[in-house]
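Structure, as C-alpha cells:
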C-alpha cells in the first residue's frame, strides 16, 4: 500500500509533511507492513460509530479515536477495536483519560 493511498484513505491530501510523518510512523510501528491494511479496514469500519484512525500529532503512531456521541456507538466502536487487536495480534496503547489508542505494532 503506497503512502499516497494510505493518506487518501484517511481523508488526507498527500503532501511532503504528511509523507514524512507517515514514514516516521512506519519506522516506529513494529510490523507496519503486516498490519497497515487492517488499520485501514478498521478506519472504514469505525466510521459508522463516529470514530476513526488518524495520524497522531504527538506520537509517531496511528491513533484510533472514539468520538461517538452515544454510549451504544462508543461500545460498538470499542468492540471493533478489540476485535481488530485480537484478530490481527496488534498491540495498542491507551491514552490516559481519553477514548484514544495508539497502534504500537504487531504483537507477535
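The values are calculated or read from the model by the stated rules, or taken from the named source; none is laboratory data. Since the model is a prediction, treat every value here as computed from it, not as a measurement. As a convention, Cβ positions derive from the backbone with ideal geometry for all residues, glycine included, and neighbour counts pool all protein chains shown.
Return the residues of the range 49-80 that are more than 15 Å from residue 102 (Cβ to Cβ) and without any contact (Cβ under 8 Å) to a residue 12 or more places away in the chain; say none if nothing qualifies.
70, 71, 72, 75, 79
Take the conditions at pLDDT 95 or above, touching a strand residue (DSSP E or B) at 6+ places or on another chain (Cβ under 8 Å), over 23 Å from residue 4 (Cβ atoms) and loosely packed, with under 12 Cβ neighbours inside 10 Å and apply them to residue 89. Does it pass?
No: the conditions fail for residue 89.
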